[in-house]
Structures are given as C-alpha cells and as structure tokens.
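Trainee: One structure, pasted below without further comment.
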Amino acid sequence: MSGGERIERTIGILGAGKLGTVLARLATAAGYRVLIAGSGAVDRIALIVEVMAPDAIATTAEGVVAEADVVILAAPLGKVRSLPLDALSGAGAIVVDATNYWWPVDGILPDFEQAELSSSEIVRNLMPGARLVKTFNHMGYHELDTEARPAGHPDRKALAIASDDPTALMIVAEVVDAMGFDTIDAGALAEGVRFEPGTSAFGATASRVALLTMLEAGDSPAVARGRMSR
Ligand SMILES: NC(=O)c1ccc[n+]([C@@H]2O[C@H](COP(=O)([O-])OP(=O)(O)OC[C@H]3O[C@@H](n4cnc5c(N)ncnc54)[C@H](OP(=O)(O)O)[C@@H]3O)[C@@H](O)[C@H]2O)c1
C-alpha cells in the first residue's frame with residue numbers, strides 16, 4: 001500500500017478468527033505471501049479462509065511457523081500455551097503479538113497476573129528466543145478492515161508498536177505500513193502497557209497525531225488495569 005519497492009516476505013498468522021482473517025486479507029492485498037492457521041486441521045479453516053482471505057494459504061500452525069518470516073499471534077491469550085512455543089522460540093523468529101489480556105473474555109489467566117510486566121513481556125518470556133514486537137492489538141478488527149489506507153493518505157490511521165529489538169520493530173513497521181497504517185514507536189516491550197486494555201489508546205482508531213497524544217497520556221499499568229472492572 002505504501003507504493004514503494006516491497007521486500008518479498010512470507011507473513012504467517014496463528015489464528016483464523018475475526019482478527020486473523022482480516023490481517024490475512026490486508027497482508028495479501030499488500031502483496032505478501034500469507035499462511036494462516038487455526039488450532040487444528042487445515043480443513044476446519046479452509047472455508048473461512050476462502051471467503052475472508054481468498055489469496056491466503058490455509059495450513060497448520062506448525063506449517064506457519066516453519067515457513068513465515070514474520071508470525072502474527074492472533075489467537076486468544078488464554079490459548080497461548082497451545083501455540084508451538086518451542087518452534088517460535090527456537091529460530092529467533094520475528095513474532096508479532098496482537099493479543100490482549102482481556103479478562104472479561106479470557107477469564108483470569110494466572111500467567112498474566114504479573115502487574116510489573118506488560119502482557120507482551122509475559123508472552124515473550126514464554127518464547128524467549130523470539131524477537132517479539134507488539135502491534136495490531138489496540139484497534140478493532142472491523143476498523144482494521146475498513147480503515148487501511150495507502151501511505152500519505154490524509155485519513156490514514158496509526159498503530160502503536162513496541163519491541164526490545166529495534167531491527168524486528170523496523171521490519172514489522174514496514175509490514176504494517178504496507179498493510180495500510182502508520183506506526184508510532186512506543187519504545188521497549190515494557191511500554192506496551194500504554195496500549196493495553198484500559199488505556200486511552202486501547203480501542204483507538206486514530207491519526208498519528210491523535211494516537212501520540214493518547215500514548216503520552218502516560219497510563220501506568222496499575223491505572224490502566226484499574227480502569228477495567230473485574
Ligand atoms: N477481535 C478484535 O477486534 C481484535 C483486535 C485486536 C486484537 N485482538 C486480539 O486478537 C486475539 C484473537 O482475537 P479474535 O477476536 O480474532 O478471536 P477469535 O475470533 O475467537 O479467533 C481466535 C482464533 O485463534 C485460533 N486459535 C486458538 N488456538 C490456536 C492455536 N494454538 N494455534 C493457532 N490458532 C489458534 C482459533 O482457532 P480454533 O477455532 O480452531 O480454536 C481461532 O481461529 C485476541 O488476543 C484478541 O485480544 C482482537
């Protein structure tokens with residue numbers, strides 16, 4: 001979508017639900033080869049992939065991790081331990097964490113009750129070799145689907161992005177740009193708390209300038225998490 005010369009990459013998506021299928025469609029539209037998997041056999045997602053993202057290739061989770069240059073986690077956080085964690089960790093893969101600790105849906109997850117860590121740091125600790133980048137999590141799937149715009153478009157919206165690995169962040173920012181969104185570098189993975197559920201930025205479909213203001217509101221994890229009643 002940025003119109004520039006695109007590096008050929010394979011994007012893998014773990015999760016073929018609401019978010020995963022929209023991201024698959026955006027990534028194929030951007031010209032990437034896209035592999036997508038659900039939790040089980042390929043034939044269980046064949047129809048939804050054909051309808052929602054016809055140019056994506058349905059495969060298994062193991063197939064996604066084996067072939068993709070960038071793997072996007074688009075499964076519920078409560079299912080994170082069912083992902084191929086060793087494979088994700090082993091190859092120094094670039095992994096995009098699009099998940100949220102959304103306890104009204106996921107219930108209380110003891111793994112994610114460590115108030116001093118961002119949820120993406122906890123995900124990274126489950127796959128310590130992965131080069132984790134947090135993004136795509138704070139915008140709803142419907143808005144991701146309808147708000148993608150080419151670079152420079154006056155109505156373009158922005159996504160916050162965070163990582164402890166500057167090179168991985170740069171590569172993922174390039175992918176996000178190609179898929180139709182600006183990015184705002186929020187800093188290290190620990191800064192992911194500034195766009196977790198409960199923050200001003202969570203749920204935002206906003207321009208770069210407006211999102212920057214929300215991120216600078218400086219919600220601390222305690223404040224942000226406290227806003228979500230249990
Ligand atoms: N919905 C949104 O607007 C939105 C926006 C941004 C971020 N997110 C985040 O994205 C994540 C997914 O949300 P969603 O709304 O897309 O959920 P969803 O519609 O329920 O889809 C979840 C998908 O994950 C798959 N899955 C579960 N375990 C898996 C595994 N081990 N390997 C591969 N796939 C697996 C499920 O497959 P099966 O059906 O086979 O179990 C299903 O296809 C959540 O963490 C959410 O917070 C959602």
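The values are calculated or read from the model by the stated rules, or taken from the named source; none is laboratory data. Predicted, not measured: the structure shown is a model, and the values here were computed from it. Here Cβ is always computed from backbone atoms with ideal geometry, including for glycine, and neighbour counts include all displayed protein chains. Side chains included, ligands, DNA and RNA excluded: accessible areas come from the protein's heavy atoms. Shrake-Rupley method; radii C 1.70, N 1.55, O 1.52, S 1.80 Å.
Per-residue answers, yes or no, for (1) more than 10 Å from the ligand (Cβ to nearest atom); (2) surrounded by fewer than 24 Cβ atoms within 10 Å (Cβ to Cβ); (3) of a type in the set (S, T, N, Q):
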{"position": "63", "(1), (2), (3)": "yes, yes, no"}
{"position": "67", "(1), (2), (3)": "yes, yes, no"}
{"position": "71", "(1), (2), (3)": "yes, no, no"}
{"position": "75", "(1), (2), (3)": "no, yes, no"}
{"position": "81", "(1), (2), (3)": "no, yes, no"}
{"position": "85", "(1), (2), (3)": "no, yes, no"}
{"position": "89", "(1), (2), (3)": "yes, yes, yes"}
{"position": "95", "(1), (2), (3)": "yes, no, no"}
{"position": "99", "(1), (2), (3)": "no, no, yes"}
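Trainee: Just the residues that are charged (D, E, K, R) and either more than 6 Å from the ligand (Cβ to nearest atom) or modelled with pLDDT under 95 (or both), please, taken from segment 14-32. Show your work before the answer.
Mentor: Quick first cut of segment 14-32, residues charged (D, E, K, R) only: 18, 25.
Listed by number, the list holds a single entry, 25.
Trainee: When you scan segment 165-179, do you find a residue that is part of a helix (DSSP H, G or I), surrounded by fewer than 19 Cβ atoms within 10 Å (Cβ to Cβ) and acidic (Asp, Glu), even just one?
Mentor: Within segment 165-179, one or more residues are part of a helix (DSSP H, G or I), surrounded by fewer than 19 Cβ atoms within 10 Å (Cβ to Cβ) and acidic (Asp, Glu).
Trainee: Right, next: Considering 133, 209, which residue is crowded, with 23+ Cβ neighbours inside 10 Å and either closer than 20 Å to residue 27 by Cβ or more than 15 Å from the ligand (Cβ to nearest atom) (or both)?
Mentor: Details: 209 fails: crowded, with 23+ Cβ neighbours inside 10 Å.
Sole residue among the options that is crowded, with 23+ Cβ neighbours inside 10 Å and either closer than 20 Å to residue 27 by Cβ or more than 15 Å from the ligand (Cβ to nearest atom) (or both): 133.
Trainee: Taking the conditions exactly as written (modelled with pLDDT of 95 or more and open to solvent by less than 40 Å² (accessible area, probe 1.4 Å)), does residue 109 satisfy them or not? Break it down into steps so the answer makes sense when it comes.
Mentor: Numbers: modelled with pLDDT of 95 or more: no; open to solvent by less than 40 Å² (accessible area, probe 1.4 Å): yes.
No.
Trainee: For segment 23-47, how many residues are over 18 Å from residue 96 (Cβ atoms), open to solvent by 70 Å² or more (accessible area, probe 1.4 Å) and in contact (Cβ under 8 Å) with a residue 24 or more places away in the chain?
Mentor: Applying the first criterion (over 18 Å from residue 96 (Cβ atoms)) to segment 23-47 yields 39-47.
In the following step, the residues that additionally are open to solvent by 70 Å² or more (accessible area, probe 1.4 Å) were identified as 39, 43-44, 47.
Those still in the list that are in contact (Cβ under 8 Å) with a residue 24 or more places away in the chain too: 39.
Count: 1.
Trainee: In this structure, is residue 195 closer than 27 Å to residue 92 by Cα and among the aromatic types (Phe, Trp, Tyr)? Talk me through it step by step, then tell me what you get.
Mentor: Details: closer than 27 Å to residue 92 by Cα: yes; among the aromatic types (Phe, Trp, Tyr): yes.
So residue 195 fits the description; yes.
Trainee: Continuing with the same structure: Right, residue 80: among the aliphatic types (A, V, I, L, M) and without any contact (Cβ under 8 Å) to a residue 60 or more places away in the chain or not?
Mentor: Working: among the aliphatic types (A, V, I, L, M): yes; without any contact (Cβ under 8 Å) to a residue 60 or more places away in the chain: yes.
For residue 80, the condition - among the aliphatic types (A, V, I, L, M) and without any contact (Cβ under 8 Å) to a residue 60 or more places away in the chain - is met.
Trainee: Read through the list (1) more than 11 Å from the ligand (Cβ to nearest atom); (2) part of a helix (DSSP H, G or I); (3) touching a helix residue (DSSP H, G or I) at 6+ places or on another chain (Cβ under 9 Å), then give the number of the only condition that residue 35 fails.
Mentor: For residue 35, the exception is condition (2).
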